[in-house]
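Report on the following structure.
Derivation of every value follows stated rules applied to the coordinates shown; laboratory data play no part. Since we're looking at a predicted model, the values are computed, not measured. Glycine also receives a Cβ, built like all others from the backbone with ideal geometry; neighbour counts cover every protein chain displayed.
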Amino acid sequence: MKAKDFFSEADQQQIVEAIKRAEKNTSGEIRVHIENYKKKNVLDRAAYWFKKMGMHKTALRNGVLFYLAVDSKQFAILGDVGINQKVGNDFWKEVRDVMVEHFKNGKFSEGLSKGIEMAGEKLKTFFPYQSDDVNELSDDISFN
C-alpha cells in the first residue's frame with residue numbers, strides 16, 4: 001500500500017481540518033508527513049523530514065511535526081526548539097500515549113487528529129494567535 005492510500009480521502013480531510021482548527025488560535029505550525037519507511041530509527045527519519053520541510057524556519061521556532069512510517073508501524077512527534085522549551089518531554093509522551101490508544105483500535109485518523117488537537121492547545125497557551133499572524137507552513141498532509 002502506498003503511504004498516500006493509508007488514509008481515505010475523508011480521513012485525510014479530517015486530519016487537515018484538525019490542523020486548521022489547531023492553528024486557528026495559535027501562531028504555531030503543525031504538519032503531518034506520512035511515508036512507507038522500514039528502517040529502525042523513526043526519530044532520525046522524522047528529523048530529516050522536519051528539516052526538509054523547512055519546519056525549523058518558523059519565526060518563533062514553534063513547529064510540530066507528526067510523522068508516520070506506515071510500513072514499520074512507527075510514528076514520531078517532533079516539536080521545534082521554541083515549543084520544546086515550553087512543554088518538556090512529558091507533554092509529548094502524553095500526546096503519544098493518547099495516539100497509541102487510538103491506533104491500537106485501528107482508529108488512525110482519530111488518533112492523529114486528537115494528537116494534533118492536543119498540540120494545538122499547548123501551542124495556543126504558549127504561542128497565542130497574533131493579529132499579524134501568517135500561516136508559515138502548508139496545512140496539507142505531505143506524503144513520500
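What's the long-distance tail for the stretch 1-67, i.e. % of Cα pairs beyond 13 Å? For the stretch 1-67, the fraction of Cα-Cα distances above 13 Å is 69 percent. Rounded to the nearest 0.05, the FRET efficiency derived from the C-beta distance between Lys38 and Ala10 at R0 = 41 Å is 0.90. Net charge dipole, the stretch 1-126: roughly 400 debye, given to the nearest 20, about the Cα centre with Cβ charges of +1 for Lys and Arg and -1 for Asp and Glu. A Gaussian network model of the chain, with springs between Cα atoms under 10 Å, assigns the largest mean-square fluctuation among Gln13, Gln85, Gln74 to Gln85. Span-like helix check, the chain: qualifying full DSSP H segments, with Cα axial length of 18 Å or more and mean Kyte-Doolittle of -0.5 or more, are 108-126. log10 I(q)/I(0), Debye, Cα-only the stretch 79-144, no solvent, q = 0.18 Å⁻¹? Here log10 of I(q) over I(0) equals -0.81. Using C-alpha pairs under 8 Å with a sequence gap of at least 6, the mean separation divided by the residue count of the chain gives a relative contact order of 38 percent.
Beyond a 30 Å Cα-Cα separation, which of these cross-linked pairs lie in this structure: Lys4/Lys93; Lys57/Lys104; Lys4/Lys86; Lys52/Lys73; Lys38/Lys124; Lys40/Lys124? With Cα atoms farther than 30 Å apart: Lys57/Lys104; Lys4/Lys86; Lys38/Lys124; Lys40/Lys124. Dividing the helix sum by the residues of the chain, where each DSSP H run of 4 or more adds -39500 (n - 2.57), gives a mean residue ellipticity at 222 nm of -16000 deg cm²/dmol. Along its principal axes, the chain has C-alpha extents of 42, 29, 26 angstrom, given from the largest down.
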